[in-house]
């Protein structure tokens, strides 16, 4: 299925209005603007199951088509059509060494693509983020957009673009400095 929920005529406008209404109803503010570039990797910290529905509301509010990775087993039978319509890309998580190469290939086959990833790879506290998002950006030669959900400020949105230099440690210092001021739902897990 080539058209996703974000591109479905009429539905995308309706979902944008409903999403803005829900966010406002619960006191959430949107910050920033999505850059007008065709491809990038967007990352956001992930400490709660609530992050996903808020991220979906934010995506609909900004009227942007996003893609996320989902385990291949979810795509069996009729669920496969639904998950593809939701913008999900199936991956085989048992072969982690090929995921970056696979996603670079997917990016290179598309004119436009926003891939949203949680660099921790889990909602639990981790000592070090997974570096796949960085290697995907380097492989496709695209920037990394820092997005956020700040539960303390009740704000969600768009931060700066980081253009990876190839110096992973230096680039990660800049990225982590941005997220040091963001409070997740469960800050002890970030």
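Exactly one of (1) in contact with a strand residue (DSSP E or B) (Cβ under 8 Å, 6 or more places away or on another chain); (2) assigned to a helix (DSSP H, G or I); (3) surrounded by fewer than 18 Cβ atoms within 10 Å (Cβ to Cβ) is unmet by residue 17. Its number?
Evaluating residue 17 over (1) in contact with a strand residue (DSSP E or B) (Cβ under 8 Å, 6 or more places away or on another chain); (2) assigned to a helix (DSSP H, G or I); (3) surrounded by fewer than 18 Cβ atoms within 10 Å (Cβ to Cβ) leaves (1) as the failure.
Which pairs have Cβ atoms under 6 Å, sit 6 or more apart or on different chains, and link a residue in region 29-52 that is surrounded by fewer than 18 Cβ atoms within 10 Å (Cβ to Cβ) to one that is at pLDDT 95 or above and assigned to a loop (DSSP other than H, G, I, E, B)?
Between residues of region 29-52 that are surrounded by fewer than 18 Cβ atoms within 10 Å (Cβ to Cβ) and residues that are at pLDDT 95 or above and assigned to a loop (DSSP other than H, G, I, E, B), the close pairs are 39/142.
List the residue pairs whose Cβ atoms are under 6 Å apart, where the first residue sits in region 59-71 and is touching a residue at least 60 places away in the same chain (Cβ under 8 Å) and on the phi > 0 side of the Ramachandran plot, the second is crowded, with 20+ Cβ neighbours inside 10 Å and assigned to a loop (DSSP other than H, G, I, E, B), and the two are 6 or more positions apart or on different chains.
So the pair list comes out empty.
With the checklist (1) modelled with pLDDT of 90 or more; (2) loosely packed, with under 12 Cβ neighbours inside 10 Å; (3) over 15 Å from the mean Cα position of the chain (by Cα) in hand, flag the one item residue 78 doesn't pass.
For residue 78, the exception is condition (1).
This table checks each residue for (1) exposed (fewer than 13 other Cβ atoms within 10 Å of the Cβ); (2) touching a strand residue (DSSP E or B) at 6+ places or on another chain (Cβ under 7 Å); (3) at pLDDT below 95.
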residue	(1), (2), (3)
139	no, no, no
146	no, yes, no
161	no, yes, no
170	yes, no, no
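Suppose the filter is at pLDDT 95 or above and out of contact with any strand residue (DSSP E or B) (no Cβ under 9 Å at 6 or more places or on another chain); does residue 121 pass it? Step through it out loud before you land on a result.
Values: at pLDDT 95 or above: no; out of contact with any strand residue (DSSP E or B) (no Cβ under 9 Å at 6 or more places or on another chain): yes.
So residue 121 fails the test.
Table: residues versus (1) under 18 Å from residue 37 (Cα atoms); (2) touching a residue at least 12 places away in the same chain (Cβ under 8 Å); (3) part of a loop (DSSP other than H, G, I, E, B); (4) under 13 Å from the mean Cα position of the chain (by Cα).
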residue	(1), (2), (3), (4)
57	no, yes, no, yes
89	no, yes, no, yes
94	no, no, yes, no
153	no, yes, yes, no
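Kindly establish whether residue 41 is under 26 Å from residue 164 (Cα atoms) and in a strand (DSSP E or B). First the steps, then the outcome.
Details: under 26 Å from residue 164 (Cα atoms): yes; in a strand (DSSP E or B): yes.
Judged against the criteria, residue 41 is a match.
What are the residues in region 72-87 that are in contact (Cβ under 8 Å) with a residue 60 or more places away in the chain and assigned to a loop (DSSP other than H, G, I, E, B), if any? Lay out the reasoning, then the answer.
Step one: filter region 72-87 for residues in contact (Cβ under 8 Å) with a residue 60 or more places away in the chain, giving 81, 84-87.
The answer is 86, 87.
Take the conditions assigned to a loop (DSSP other than H, G, I, E, B), surrounded by 11 or more Cβ atoms within 10 Å (Cβ to Cβ) and either touching a residue at least 60 places away in the same chain (Cβ under 8 Å) or under 15 Å from the mean Cα position of the chain (by Cα) (or both) and apply them to residue 182. Does it pass?
Working: assigned to a loop (DSSP other than H, G, I, E, B): yes; surrounded by 11 or more Cβ atoms within 10 Å (Cβ to Cβ): yes; either touching a residue at least 60 places away in the same chain (Cβ under 8 Å) or under 15 Å from the mean Cα position of the chain (by Cα) (or both): yes.
Judged against the criteria, residue 182 is a match.
Which is out of contact with any strand residue (DSSP E or B) (no Cβ under 7 Å at 6 or more places or on another chain), within 21 Å of residue 49 (Cα to Cα) and surrounded by 15 or more Cβ atoms within 10 Å (Cβ to Cβ), of 153, 72, 130? Quick ask: steps written out before the conclusion?
Numbers: 153 fails: surrounded by 15 or more Cβ atoms within 10 Å (Cβ to Cβ); 72 fails: out of contact with any strand residue (DSSP E or B) (no Cβ under 7 Å at 6 or more places or on another chain).
Among 153, 72, 130, only 130 is out of contact with any strand residue (DSSP E or B) (no Cβ under 7 Å at 6 or more places or on another chain), within 21 Å of residue 49 (Cα to Cα) and surrounded by 15 or more Cβ atoms within 10 Å (Cβ to Cβ).
The values are calculated or read from the model by the stated rules, or taken from the named source; none is laboratory data. Note that the structure is predicted; figures quoted are calculated from it, not measured. Please note: Cβ atoms are built from the backbone with ideal geometry, for glycine as well, and neighbour counts cover all protein chains shown.
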